[in-house]
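Colleague: Right, I'll just put the structure down here and ask away after.
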Amino acid sequence: MSKHDPPTKPVAGPFEGNGVDWKTWETLANANLPKTYEPSPYQLPGRIAGIDCSRRTNFCSCPTACYFKCKIACSGVSRMQTLKISEPEQLLKKMCDVSPDPFCPDFLQGVFWQRDSSSVETLITFQEANWSSPTLASKHQVYNWSFTPMWLSYFFNAGRGTAWMRIEVSPSGKWLLLDNDQFAYLVQPGDTFKDLQGEVLDFTKPGDLMRINFNDPVDPSKGVLWQYLAQRVGYLDGTGKLNTTEAYKELLRRAQIPSQSFCGLCACCLGQEAIADLDIMQSDEQILFSPPIQQDIDEEHIALLSCCHYTCASQNSLPN
């Protein structure tokens, strides 16, 4: 991957030019941290007019997949892979095997699941981003950011071949600014969150990232627009062995919920429980592009040299 140094300040949005006054902003954000977890996933209902619109839908998948492949190829990105959540040694291990940048903070290493986020993104890593310091990085969005093979995902992710995401860590290490106006809070020991019924959530853990979009990014006291959890589901230990977490078990459960529609299209005559499953079920299959590594670059270089050598030899053998 070519070096892409992140700008020291956001290049657009409410913090353009001056950047974030973290001391003032964090005081407001900490005082207004939402304690009620109320995700509103960016997705269609699981069923519309009897048609399966879940993460496993086959609706319009062929033409949108062709569009995606053409668009991403024009960006110079190749080697699309289809891997499975149920095969962590293939999917999670491959994502973790990318060497962490030396500046990447420990709490951002490993694979994170965007729980309750959307139907167009699933797993992400931060460790392979270009970290210019322990508090500033730029991530090429097409790499190590998995998504489901369905029409809405193909449209949403088609432009990521040339897109980069700026990552800034606050001085306290408790907050992240992603791009220009999106924030994430690092869940701390002792933090508790409740659902809409007032019950304490038992699945939030220290080290989780609470993604939050505020109504006014500059003034967190004006309330929350959108939120979801990003939870670490896999990481490598000191010996290079893959370890999965409790959050991975829930991700796997959602990926293994029996399909509720016929051929990924017809979702008629379903009960309430089956309809609810359509909203949360995950696609086991994930589309992934791994970051180029030096070995890949060397192999491509050797192949290019061999091609040039063959061409030159062929030309020299031609009669005058």
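Colleague: Give the residue, chosen from Gln90, Gln109, Gln127, that is more than 23 Å from Ser61 (Cα to Cα), touching a helix residue (DSSP H, G or I) at 6+ places or on another chain (Cβ under 9 Å) and surrounded by fewer than 22 Cβ atoms within 10 Å (Cβ to Cβ).
Modeller: Result of the check over Gln90, Gln109, Gln127: Gln109.
Colleague: So, one more: Given (1) closer than 19 Å to Glu87 by Cβ; (2) open to solvent by 40 Å² or more (accessible area, probe 1.4 Å); (3) at pLDDT below 95, identify the lone condition not met by Glu285.
Modeller: Failing condition for Glu285: (3).
Colleague: Considering only residues that are outside any helix (DSSP H, G or I) and open to solvent by 20 Å² or more (accessible area, probe 1.4 Å), look in region 146-167 and name the one that is nearest to Pro6 (Cα to Cα).
Modeller: Trp164
Colleague: Search region 46-87 for residues being farther than 22 Å from Trp164 by Cα and in contact with a Gly (Cβ under 7 Å, 6 or more places away or on another chain), and hand back the single one that is surrounded by the fewest Cβ atoms within 10 Å (Cβ to Cβ).
Modeller: Asn58
Colleague: Say whether the condition of being surrounded by 21 or more Cβ atoms within 10 Å (Cβ to Cβ) and farther than 30 Å from Asp219 by Cα is met by at least one residue in region 25-45.
Modeller: no
The values are calculated or read from the model by the stated rules, or taken from the named source; none is laboratory data. On a predicted model such as this, the values are computed, not experimentally measured, just so you know. Glycine also receives a Cβ, built like all others from the backbone with ideal geometry; neighbour counts cover every protein chain displayed. SASA here: full protein model, heavy atoms, side chains in, ligands and nucleic acids out. Shrake-Rupley method; radii C 1.70, N 1.55, O 1.52, S 1.80 Å.
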